[in-house]
2 protein chains.
Amino acid sequence: MSGLLGNFVTQIGILVNDVEKVSTAYAEFFGLEKPEIIVTDTEDIAQTRHNGVATQARAKLAFFDMGSLQLELIEPDHEPSTWRDYLNEHGEGPHHIAFVVEGMKEKIMLLEGKGFPLQQKGEYTGGRYAYMDTFKELKVIVELLENDKDNGEE
Amino acid sequence: MSGLLGNFVTQIGILVNDVEKVSTAYAEFFGLEKPEIIVTDTEDIAQTRHNGVATQARAKLAFFDMGSLQLELIEPDHEPSTWRDYLNEHGEGPHHIAFVVEGMKEKIMLLEGKGFPLQQKGEYTGGRYAYMDTFKELKVIVELLENDKDNGEE
């Protein structure tokens, strides 16, 4: 599977019950500015699907830039999602490592063909994400991130 | 606490029950060479202390270089350790993010003074580590790594 995703981890995602409280702790611990809390889009915009089924799940997010790595705090609601499932099963803590890809559909199909099912996908302003169920093999979920190219460049 | 650790994450540590099996899966998934499994030193050499008490705990380790980030797989034995405690409580999955520091003793004292207890420490060839109990606040354990300077440079 060489080269399918590259090996540059761009983000670690950590599940929390209270993103406001934990992001305050991170800002203080690392001497960073406390970021604005972002709420994921509603289902009609995010087109979120979890295990192949549309879901209204949303999450509150906080992002910290830690050198070349981004740290994402995720407080999910109680609708069906990979975030809620994982939090219920494992408790708070790291959930995924993320890789930037091009050609999301093809990458998902390639990984599914290798036995890694698509667990959740959705759209955000400027791009889309997909969580692949790699937990059984890799003991962490792999997220694919595809960012739209700047129109000015095309 | 600005500047105490910097904000460059050098490593993610993931707890596993079978490092042989999981490291094979990583090598295949990322198209990387399967690394040699390293076993941590015995207590007399590693001087491992867990919650202030000497422990015979050891672990089998596998390291993957993922761009600027190192990914560490850890299969602990059943002696008392942060690895075994965390694995028993959360199951397999990510355990820590690590930061390279200078002046280990001072860094540990500074963090303890801020309310983050030392959870485990030990020596390895060429350096030493300390796991600080940041889980309650940061939802991940922070590891400090101090590497000895090359004698030739001093």
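The values are calculated or read from the model by the stated rules, or taken from the named source; none is laboratory data. Values in this document were obtained by computation on a predicted structure and should not be read as measured data. Here the Cβ is made from the backbone with ideal geometry for all residues, glycine too, and neighbour counts use every protein chain on show. SASA here: full protein model, heavy atoms, side chains in, ligands and nucleic acids out. Shrake-Rupley method; radii C 1.70, N 1.55, O 1.52, S 1.80 Å.
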With -39,500 (n - 2.57) per DSSP H segment of 4 or more residues and division by the full residue count of chain B, the 222 nm estimate, nearest 500 deg cm²/dmol, is -6500 deg cm²/dmol
Just want the answer: with Cβ charges of +1 for Lys and Arg and -1 for Asp and Glu, which residue in B:Ile38, B:Phe135, B:Gly91 is farthest toward the dipole's positive end in chain B? B:Phe135
Give the nm distances, rounded to one decimal, from B:Lys21 to the matching residue in every other copy, measuring between label points 7 Å along Cα toward the beta carbon; shortest first. 3.6
For the stretch A:1-78, what size does the Cα cloud have along each of its three principal axes, sorted from largest down, in whole Å? 40, 37, 18
Per residue of B:138-144, what is the mean number of Cβ atoms on other protein chains within 10 angstrom of that residue's Cβ? 5
Label position 7 Å from Cα toward Cβ: report the copy-to-copy distances for A:Tyr124 in nm, one decimal, ordered from shortest. 3.1
Let's test the formula: R0 of 51 Å, r as the Cβ-Cβ distance of B:Tyr124 and A:Gln56. What FRET efficiency results, to the nearest 0.05? 0.60
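Taking 2.2 N^0.38 Å as the expected size of a compact globular protein, what ratio does the Cα radius of gyration of the stretch A:11-147 give against it, to two decimals? Mind showing how you got there, number by number?
Working: Rg = 14.5 Å, N = 137, 2.2 N^0.38 = 14.3 Å.
Against the empirical 2.2 N^0.38 Å value, I get 1.01 for the stretch A:11-147.
Please average, across the residues of B:123-133, the number of beta carbons from any other chain that are within 10 Å of each residue's own beta carbon, and give a whole number. Intermediate values should be presented prior to the final figure.
Details: counts 0, 0, 0, 0, 0, 0, 0, 0, 0, 0, 0.
Mean shielding count: 0.
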The long-range amide H neighbours of B:Gln120, using H built 1.01 Å from N in the peptide plane and a cut-off of under 5 Å, are B:Asn51, B:Tyr131
Quick one: with label points 7 Å out along Cα→Cβ, list the inter-copy distances for B:Ile38 in nm, shortest first? 3.6
Looking at the stretch B:11-147, how many pairs of lysines come closer than 28 Å at the Cα, when each pair is eight or more places apart or spans two chains? 22
Note down the net charge around A:Lys114, summing +1 for each Lys or Arg and -1 for each Asp or Glu among other residues with Cβ under 15 Å from its Cβ. -3
Debye log10 I(q)/I(0) at q = 0.11 Å⁻¹ for the protein assembly as shown, Cα point scatterers: -0.69
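Rounded to the nearest percent, how much of the accessible area of chain A (1.4 Å probe, protein heavy atoms only) is carbon and sulfur?
Details: 3510 of 7390 Å².
The C+S portion of the solvent-accessible surface of chain A is 47 percent.
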Which whole number gives the average, over all residues in B:24-30, of C-beta atoms from other chains lying within 10 Å of the residue C-beta? 6
Which log10 I(q)/I(0) values does the stretch A:50-113 give at q = 0.13, 0.20 Å⁻¹ under the Debye formula, counting every alpha carbon as one identical point scatterer? -0.48, -1.04
On protein heavy atoms with a 1.4 Å probe, the accessible surface that disappears when A meets B, both sides summed and given to 100 Å², is 3200 Å²
Whole-Hz Karplus couplings 3J(HN,Hα) for the stretch B:110-124, θ = phi - 60° and coefficients 6.51, -1.76, 1.60, Gly and Pro as x, run 4, 5, 4, x, 8, x, 10, x, 6, 9, 7, 9, x, 10, 9
